[in-house]
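Notes follow once the structure below has been shown.
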């Protein structure tokens, strides 16, 4: 029995559509599996003292200085803006409404749980993530990776591991600084405006008292995981190229992946809070 030509064309187009969907799904799932494997590998190898040779330590400190030191000014400026626009406003209007007891819970919910991980992740992506992608794209071609292995140098241990640990620590450090700057600036502004007459120590005590026990675990965990994922995503995106990828395609791809990862970790951390 002969199948009509229009039906053959329709069937062929359907097969092409299914093939395109399957190809994209396989690509994204493969990247997610590689990302999980790299993240676990970084944590596992970081606990082995033999991993931290001089070259690895040098790369770790260089990345940490670049990420934490380079992002410090942006973090302080962003924290001051958030303190001016959010913390001081909360103190001012809640004080006027006679609901000063709600200042601590609102600041913890908005600033600590939601705003800080998101903004610190974006700062790290712009300050260290872009540089990591550019650096890793230079060793992305398989030939260069084989050349490093032939010299007894493991690209994972030499490049990925120190960047993962460095960005995780930088994320946590910048996150703590961001929260402190936002609280101090917000309190000073509201105090100048006459919205609060309490001391800064009572203000900090109210914020800490509003934090639940799980906040002391979820807050640092979210920041550490965000820093680790940013490093892993940028390294994988840069090293997975074949040498023909241009920065105009690699950098937007890594940026989108990092933003999605930051949002996912932020959502998961908020859902994990009872």
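Nothing in this text is a laboratory measurement; each read-out follows from the coordinates by a stated rule. Everything quoted here is computed from the prediction, not taken from an experiment. A quick note on method: Cβ atoms are made from the backbone with ideal geometry, for glycine too, and the neighbour counts reach across all protein chains shown.
Points to keep in mind about this one:
- On the beta carbon distance between residue 100 and residue 264, with R0 = 45 Å, the FRET formula returns roughly 0.80.
- Full extension of the chain segment joining residue 85 with residue 34 gains 14.3 nm, where the gain is 0.36 nm per residue of separation less the Cα-Cα distance.
- Cα centroid of the stretch 192-228 to Cα centroid of the stretch 78-112, whole Å: 11
- Each residue in 96, 257 was given a count of other beta-carbon atoms within 10 angstrom of its own, and listing them fewest first yields 96, 257.
- Put in line by how crowded their Cβ is, counting other Cβ atoms within 10 Å and starting with the fewest, 223, 81 read 81, 223.
- Order of 234, 258 under a 10 Å beta carbon neighbour criterion, fewest first: 258, 234
- Stretching the chain fully between residue 271 and residue 217 yields a gain of 18.1 nm (0.36 nm per residue, less the alpha carbon separation).
- Long-range tail of P(r) for the stretch 31-272 (Cα pairs > 30 Å, %): 33
- Fraction in percent of alpha-carbon pairs per bin - 10 Å, the stretch 177-274: 13, 29, 24, 20, 10, 3, 0
- Highest-first packing order for the peptide set 160-170, 188-198 is 160-170, 188-198, based on the mean count of other beta carbon atoms within 10 Å.
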